[in-house]
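For reference, the structure discussed in these notes is given below.
Where a number appears in this text, it was derived from the coordinates with a stated rule and is not lab data. Treat the numbers as computed from the prediction; the structure is a model and nothing was measured. Neighbour counts are summed over all protein chains in view; Cβ atoms, including those assigned to glycine, are modelled from backbone coordinates with ideal geometry.
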Amino acid sequence: MLKIDVEGCSSFVNKAAFDAYVEKALAAFDVLQGGQGAGNDFLGWKELPGQVSESLLRQLEAVQADWKARGIDLVVVIGIGGSYLGARCAIEALSHTFAKQLSGKKAAPEVVFAGNNLSEEYLAELMDLVAERNTAVVVISKSGTTTEPAVAFRIVKEHIEKTYADAAQRIVAITDARRGALKTLADQEGYRTFVVPDNVGGRFSVLTPVGLLPILLAGFDIRAMLEGARQMQQALAVRDAANPAVQYAAMRNLLYTELGKKVEVLVSYNPKFQYLGEWWKQLYGESEGKDGKGIFPASVNFTTDLHSMGQFIQDGDRIVFETVVNVKESSRSVVIGSDPQNLDQLNYLAGQHVEHCNAMAALGTKIAHIDGGVPQIGISVERIDAATLGEIFYFFEFACGVSAYLLGVNPFNQPGVEAYKKNMFALLEKPGYEERTAELRARI
Ligand code: PA5
């Protein structure tokens, strides 16, 4: 089970200060659990692990079986923000790093992502791939009106309709139960649809069909993931100072508010967790960065980034603290051999597992960073598998709710995202934005 260790902050904060923040975090915990806080109509994610029904799982598995029968070997998942990051995080973490390059028949279709940018080159290159493969699409937009996925979907859909007689069977839409352009289109075209519940916001939606369908299609065990999340839900429901979500929320708010640590860097020592960093940044950045407040969330992969960002973290402006996600067991074994010539002078490592070197790098870095003025929170999980990802997703979501309430912001809205959209629509001359178009023209 996921554990937290705040010992790496002890030389920066005294016990009394931490205890005071734990009390504040427990009060925020009560607000979250009591459903009394701002944005409390978006708390559906809290109950998801135990609420995803067998019938929904069967419907998701029916899509998987149907697409297998049609020989689909490429699934394009179209979505942005919370409508793709959870699935991408899980798929990157659970996949063989070199799955694409390995020979041999693939057990599951390849899953690629689109609709998360507006790069013409990206879309053109996606269409090069789509043209070569037997393709299906999962288009995800809770609002059903987001521009990036809508543009990508229009282009991919045109290809699917031109190429396949069974086009409508190759498209699944995941959207609002009633509203939005995607819902209208899906109903009209007869696509299979799944619902993003009204009370679950995008960045909290990985355990709805938004995350579950792409993760299942990529060949991973969503039942185990839900079970991991359910166990974490049970553990976090306990109102206790030792509750890991309470500890995390308390420590990060203490470091931010009392010590001016304005940047939190999520660190991992396994490249499979690169997209965990992306998912976590969206969750915390969009949930907490508002009303002139918020810890800036950043992420790095060590030891890779010790050779780039390591310098700043060790020695730059002392505004940083780290949250390190440690994985206890490696699922694979590689032992360093002995070399009679020892020209590389590595014989002192002969017989050691590479993961031992990784663990010593992590320990050495922890001590160096603490000595350099960087407090460190540790989060540890047993291994990287579907169940631990379920634990990690639920832990960070729940802790985010507690932490944002402690900070005094509504974790479940994102008013700041609208500003760029308004300008983009005006500059693209979308009907209805004429006044803003004129204002912007006068400025550029
Ligand atoms: O967390 C959020 O609510 C956002 O990041 C959304 O997921 C993102 O903007 C995509 O929205 P939609 O699913 O409505 O297209």
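You will find that of ASN301, ASN342, the residue that is away from the ligand (no atom under 16 Å from the Cβ) and either at negative phi or touching an Asp or Glu at 6+ places or on another chain (Cβ under 7 Å) (or both) is ASN301 and no other. So VAL156 fits all but one of (1) within 16 Å of the ligand (Cβ to nearest atom); (2) under 25 Å from GLU54 (Cβ atoms); (3) over 22 Å from the mean Cα position of the chain (by Cα); (4) touching a residue at least 24 places away in the same chain (Cβ under 8 Å); what number is the exception? Here VAL156 meets the rest and fails (2).
Residue by residue through region 245-267, note down the ones that are β-branched (Val, Ile, Thr) and in a strand (DSSP E or B).
Hits for region 245-267 are VAL263, VAL265, VAL267.
Would you mind stating whether VAL31 is over 25 Å from the mean Cα position of the chain (by Cα) and surrounded by fewer than 21 Cβ atoms within 10 Å (Cβ to Cβ)? For VAL31, the condition - over 25 Å from the mean Cα position of the chain (by Cα) and surrounded by fewer than 21 Cβ atoms within 10 Å (Cβ to Cβ) - is not met. ARG179 meets the conditions (1) within 16 Å of the ligand (Cβ to nearest atom); (2) basic (Lys, Arg); (3) farther than 22 Å from GLY39 by Cβ in every case but one. The failed one is (3). Considering region 55-85, and only residues there that are among the β-branched types (Val, Ile, Thr) and under 25 Å from the mean Cα position of the chain (by Cα), the residue that is farthest from SER141 (Cα to Cα) turns out to be VAL63. Close contacts from region 388-401, counting a first residue that is under 14 Å from ALA93 (Cβ atoms) and a second that is of a type in the set (Asp, Glu) and in a helix (DSSP H, G or I), with Cβ to Cβ under 7 Å and a gap of 6+ residues or different chains, come to GLY390/GLU227. Would you check if ALA93 is more than 16 Å from the ligand (Cβ to nearest atom), assigned to a helix (DSSP H, G or I), of a type in the set (A, V, I, L, M) and under 25 Å from ARG203 (Cα atoms)? Yes.
Checked across region 33-43, the condition of being in a helix (DSSP H, G or I) and touching a helix residue (DSSP H, G or I) at 6+ places or on another chain (Cβ under 6 Å) holds for no residue.
Does TYR420 qualify as being under 16 Å from LEU236 (Cα atoms) and hydroxyl-bearing (Ser, Thr, Tyr)? Considered against the rule, which asks whether it is under 16 Å from LEU236 (Cα atoms) and hydroxyl-bearing (Ser, Thr, Tyr), TYR420 comes out as no.
Taken residue by residue, region 11-19 has at least one member that is without any contact (Cβ under 8 Å) to a residue 24 or more places away in the chain and either assigned to a loop (DSSP other than H, G, I, E, B) or under 28 Å from ILE171 (Cα atoms) (or both).
For region 103-119, the count of residues that are under 24 Å from LYS430 (Cα atoms) and away from the ligand (no atom under 16 Å from the Cβ) is at least one. Taking region 57-89 as the range and being away from the ligand (no atom under 16 Å from the Cβ) and surrounded by 24 or more Cβ atoms within 10 Å (Cβ to Cβ) as the test, only VAL75 passes. If you check VAL300 against the conditions, is it in contact (Cβ under 8 Å) with a residue 40 or more places away in the chain, buried (at least 17 other Cβ atoms within 10 Å of the Cβ), within 17 Å of the chain's Cα centre (by Cα) and not in a helix (DSSP H, G or I)? When the stated conditions are applied, VAL300 does not pass them.
Right, GLU148: of a type in the set (Asp, Glu) and either crowded, with 16+ Cβ neighbours inside 10 Å or not in a helix (DSSP H, G or I) (or both) or not?
Spelling it out, GLU148 is indeed of a type in the set (Asp, Glu) and either crowded, with 16+ Cβ neighbours inside 10 Å or not in a helix (DSSP H, G or I) (or both).
Against the numbered list (1) within 30 Å of GLN414 (Cβ to Cβ); (2) surrounded by 18 or more Cβ atoms within 10 Å (Cβ to Cβ), VAL130 comes up short only at (1).
Residues that are surrounded by 20 or more Cβ atoms within 10 Å (Cβ to Cβ) and touching a Pro at 6+ places or on another chain (Cβ under 7 Å) number at least 3 in the following helices (runs of 4 or more DSSP H) confined to region 178-244: 222-236. Within region 127-143, the set of residues being touching a residue at least 40 places away in the same chain (Cβ under 8 Å) and either of a type outside the set (Lys, Arg) or near the ligand (Cβ under 9 Å from one of its atoms) (or both) comprises LEU129, VAL130, ASN134, THR135, ALA136, VAL137, VAL138, VAL139, ILE140, SER141, LYS142. Output yes when any residue across region 201-211 is closer than 24 Å to ALA131 by Cα and away from the ligand (no atom under 12 Å from the Cβ), and no when none is. Looking for residues that are closer than 24 Å to ALA131 by Cα and away from the ligand (no atom under 12 Å from the Cβ), one finds none in region 201-211, hence no. From the list VAL334, VAL265, VAL320, the one residue that fits, being closer than 27 Å to ILE91 by Cβ, β-branched (Val, Ile, Thr) and surrounded by 15 or more Cβ atoms within 10 Å (Cβ to Cβ), is VAL265.
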